[in-house]
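See below for the structure under consideration.
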Amino acid sequence: MSKESPKKIVVISFRKDGRIHEFYTGNFVLNKGDKVIVEAKEGIELGTVCSKPRLRDASMPDRPIRKVFRLATAEDIEKKKKNERIEAEAMRFCKEQIEKRKMPMNLIAVELSFDIRRLTFFYISTMRVDFRELVKELVQKFNTHVEMKQIGARDLAGKLGGIGHCGRQLCCSLFLSNFDPISIRMAKDQDLSLNPDKISGICGRLMCCLAYEYDTYAERKKTHEEIMGQNSQDLFYITTPIYYVNAEPHIGHAYTTIVADVIARFYRLSGFDTFFLTGTDEHGNKVVEAAEKSGETVKAYVDRISKIFKETWPKINIKNDYFVRTTDKNHQDTVREILSKVYAKGDVYFSEYEGKYCIGCERFYTDTELVQGKCPIHLTEPKIISEENYFFRMSNYQEWLIDYIATHPDFIRPERYRNEVIAFLRGPLEDLCISRPKKRLSWGIPLPFDDNYVTYVWFDALINYISALGYPDGDLFKKFWPVAQHIIAKDILKPHGIFWPCMLKAAGIEPYQHLNVHGYWNVNMGKMSKSLGNIVKPMDLATKYGLDAFRYFLLRDMVFGLDSDFTEESLVKRFNADLANDLGNLVSRSMNMVVKYFDGKLQPSSQFKEEDISLQDASYKVIEEYKDMMKKFTFHKALIVVWVLIGKTNKYIDTMKPWALATQDQERLNTVLNAITEVIKIVSVLLWPFMPHTAEKIQHQLGLGIVGVKLPLNSLEKWGKVKKVRPISKAPPLFPRVNPVKEPKRTHLDVKKVTEQGFKGSKKSDSIFDRVKPEMEEKMREEPGLVSLEDFQRLDIRVGTIKEAETISGSKKLLKLVVDIGERRTIVAGMAAYYQTNELINKQVIVIANLVPVTLMKVESRGMILAVEDEKGVYLLIPDQESKPGSKIS
Ligand code: MSP
């Protein structure tokens with residue numbers, strides 16, 4: 001008898017929602033992506049293979065597994081598509097009926113069996129529902145057997161597949177065995193609260209992710225990661241807004257585009273297949289006006305400015321995969337196709353409208369959105385426009401969008417912008433005007449259903465994100481749209497957070513995955529504008545300070561999501577402190593030592609001591625933190641942790657004193673330098689997305705055979721995995737110091753900068769990054785009036801007793817005091833108008849003892865006495881009880 005061949009299983013997905021099951025392969029040789037017909041509970045089903053076949057693991061729980069019948073034919077695939085269309089229609093129709101009849105139930109999913117003999121409607125309800133009438137209606141409409149299936153939380157979890165409402169892997173996947181309370185281990189592994197009273201689903205809807213037993217979770221997570229790794233998680237699609245061609249690129253455009261470049265490089269470095277899109281938005285009034293002003297034809301004008309954008313990006317090392325223009329034929333065709341689709345669906349209507357229109361934003365504003373009657377972005381009064389136009393029935397999708405955002409907490413991030421959109425959706429959502437009569441504006445895309453009108457701006461521009469991928473059939477669209485992420489600034493939150501998801505839904509396209517929203521770069525606290533003459537041009541700064549320093553500054557200084565004030569002074573400070581001092585010194589002193597002591601050739605080493613291992617542990621921790629922060633778009637934090645590592649390595653050098661080892665212990669010296677160069681390699685890889693030139697320069701100096709994207713993040717998993725192929729070499733400094741720049745005006749944000757300087761000067765630490773926690777820094781940035789506890793603790797405040805007081809000749813205001821603060825201090829105080837000298841003797845006062853000394857009327861004052869001023873005069877602050885002179889105030 002022949003031996004039975006070992007049983008192989010594959011994972012098969014059935015719906016776009018990601019529901020998966022395991023099946024035996026039978027005798028079929030299957031590959032990922034194959035469409036197959038499998039045995040279903042009743043009859044057969046068509047699914048897609050989404051994992052490599054693997055042997056059934058003997059340790060897997062023993063549960064019945066069905067098998068693959070055969071490979072699907074073209075006819076099967078066509079039939080499945082048709083079934084999906086029926087399902088979508090059944091969903092829409094049933095929801096409509098439920099609403100009409102005000103039935104207390106929530107429809108979750110509809111499934112049509114492959115043989116179309118059964119249409120199952122899954123719903124949730126907390127009460128008994130009488131759906132006899134509804135079923136009758138459904139049977140009549142769809143002419144098949146109808147089943148209403150009430151499902152509980154657990155089933156709903158199953159319906160949602162591997163990714164739950166909360167966006168977590170497996171949070172509410174299949175195979176929930178029971179609803180035991182969550183273990184602490186599980187909560188920890190899913191980053192949930194560890195307080196038993198607070199453990200609840202992150203999605204806030206179900207006890208979904210809490211229902212697992214830990215082992216089930218761990219087992220399913222493994223399988224899931226395998227599948228996700230091969231399907232969606234190794235793909236990344238990022239877009240910038242497409243910029244209006246009515247102005248040339250400035251620092252704001254550069255920031256968004258550099259962010260997109262940094263995140264795209266990060267994902268490339270993580271081994272993802274990445275697509276990065278940017279481009280220009282070329283229709284509308286604004287562009288026509290700008291062309292008229294410059295005396296060119298509109299076409300010549302848009303070609304010229306678009307070219308400037310296109311050519312600027314490579315100059316600042318932006319590597320986009322495609323540059324889209326709304327005047328491209330392919331784009332225009334896609335816009336018309338989507339319009340036809342939405343029109344055919346009944347979501348576009350013709351009507352008269354009068355409203356307040358901002359040309360700058362190219363949209364109507366409601367009264368509540370205007371600030372003192374003006375556009376909040378352009379601070380100009382909108383024009384009253386009244387005309388007949390086409391409207392998109394956005395209001396149809398309001399409920400859906402509210403629900404979608406509620407169940408996808410990361411859809412719009414950071415949270416402040418998600419909240420803004422939610423708040424907006426609380427009011428009624430007006431329909432969107434999508435056209436202009438051709439007689440008033442011809443520079444747009446003619447509507448497919450009315451040649452007298454054009455569409456432009458939002459119904460035109462937003463569609464670039466899919467037209468560039470070749471919607472609907474292009475391979476790029478199929479591949480990248482499911483993982484789409486947009487980056488925008490807060491100015492265009494509403495079109496991206498509201499119009500765009502509704503447009504996609506109306507066109508039957510899945511929503512994007514994340515909208516990442518950042519704040520505004522201001523110059524001296526105000527908007528950048530041509531009229532103020534304060535436009536900061538990216539190329540000017542990149543040429544002056546070097547491209548990498550410019551990229552670093554933008555990403556390090558702005559907290560993604562918050563506004564930031566741009567000053568050249570702070571750019572120079574960061575340049576000198578972070579790049580020239582911390583990073584530049586680390587690299588140059590280390591390379592110099594390797595060249596000086598070993599002629600650039602280190603020997604492999606394995607004799608690590610505790611201090612070396614602790615540095616190694618610190619770098620692994622930093623790699624993990626960095627990855628996490630990059631994925632969350634908290635770039636400044638990612639850079640802060642890299643600088644923590646740089647600081648630690650500089651400290652390690654100071655403690656190990658390689659220069660002393662050079663005369664005592666060559667072997668130990670070799671080990672220490674190995675550890676240092678290993679960390680520098682790690683730092684270079686982590687910095688590559690931000691500063692590609694610098695990172696590659698360091699990698700060349702380290703003598704590594706591979707550099708840049710070829711040195712991926714996973715090559716760092718093992719200490720010393722990437723071997724040196726050439727001797728380490730000395731090189732000129734990466735960032736020679738530049739002269740400080742003084743800005744004429746100081747702004748409130750400088751509070752923070754002064755604070756940082758203060759830290760820099762502190763003896764306790766080499767770098768601010770060791771002392772300012774990222775969250776604290778973010779808080780300080782958010783509320784510029786705040787000071788950190790460290791700030792406060794740096795003040796030396798003491799109780800003092802005034803021992804002597806005398807007037808200063810030539811001054812009506814000042815008194816010279818001698819104060820006992822544990823030591824005798826001379827302090828000059830502006831008290832002469834309020835106190836007689838003899839009144840002051842033996843008075844107790846509060847003194848700031850560590851102010852920088854100043855000389856007033858030729859007397860050196862070393863400290864300051866605290867006083868309060870109101871309309872009646874100035875009074876000294878005194879302790880409530882007599883205290884010992886010199887007592888500290890904390
Ligand atoms: N054309 C529209 C976008 C259509 S996208 C489908 C548009 N163009 S724009 O030229 O005005 O670009 C706006 C975007 O430029 C902002 O969302 C942001 O990405 C960037 N920035 C412009 N000025 C900025 C600052 N001062 N600060 C930060 N980024 C800003 O709106």
Of the convex hull enclosing the alpha-carbon atoms of the stretch 249-332, the direction-averaged projected area in nm² is 6.2 nm²
Taking alpha-carbon centroids only, the stretch 563-596 lies from the stretch 385-422 a number of Å equal to 44 Å
Out of 702, 684, 664 - ranked by how far each Cα lies towards the positive end of the dipole of the stretch 645-720, with unit charges on the beta-carbon of charged residues - the top one is 684
Note, residue 603: beta-carbon cut-off 13 Å, +1 each Lys/Arg, -1 each Asp/Glu, net +2
Computed on Cα atoms, the radius of gyration and Dmax of the stretch 801-848 in angstrom are 10.0, 30
Between the modelled labels at residue 93 and residue 890 (7 Å from Cα along Cα→Cβ) the distance in nm is 7.6 nm
Residue separation between residue 850 and residue 106 times 0.36 nm, minus their alpha-carbon distance, gives in nm 261.1 nm
Subtracting the Cα-Cα distance of residue 651 and residue 378 from 0.36 nm times their residue separation yields 93.3 nm
For residue 304 and residue 836, extending 7 Å from Cα along the Cα-Cβ vector and measuring point to point gives, in nm, a value of 8.1 nm
From fewest to most C-beta neighbours within 10 Å, the residues 663, 677 line up as 663, 677
Taking 0.36 nm per residue of separation between residue 877 and residue 352 and subtracting their Cα-Cα distance, the length gained on full extension comes to 182.1 nm
In whole percents, the bins of 10 Å from zero upward hold the Cα-Cα pairs of the stretch 331-380 as 22, 29, 32, 17, 0
Most packed first (mean Cβ within 10 Å per residue), the peptides 632-638, 78-84 order as 632-638, 78-84
Cα-Cα pairs in the stretch 423-525 separated by more than 17 Å, as a whole percent of all pairs, come to 62 percent
Measuring from its Cα centre, the stretch 592-638 shows a charge dipole (+1 at each Lys and Arg Cβ, -1 at each Asp and Glu Cβ) which, in debye to the nearest 20, is 260 debye
Expected sort for 262, 595 with the fewest Cβ neighbours (10 Å cutoff) up front is 595, 262
Here the stretch 314-416 gives, from Cα atoms, an Rg and Dmax in Å of 18.2, 48
Most packed first (mean Cβ within 10 Å per residue), the peptides 834-840, 450-456 order as 450-456, 834-840
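Where a number appears in this text, it was derived from the coordinates with a stated rule and is not lab data. Computed from a predicted model, the values in this text were never measured in an experiment. Cβ: placed from backbone, ideal geometry, glycine included. Neighbour counts: every protein chain shown.
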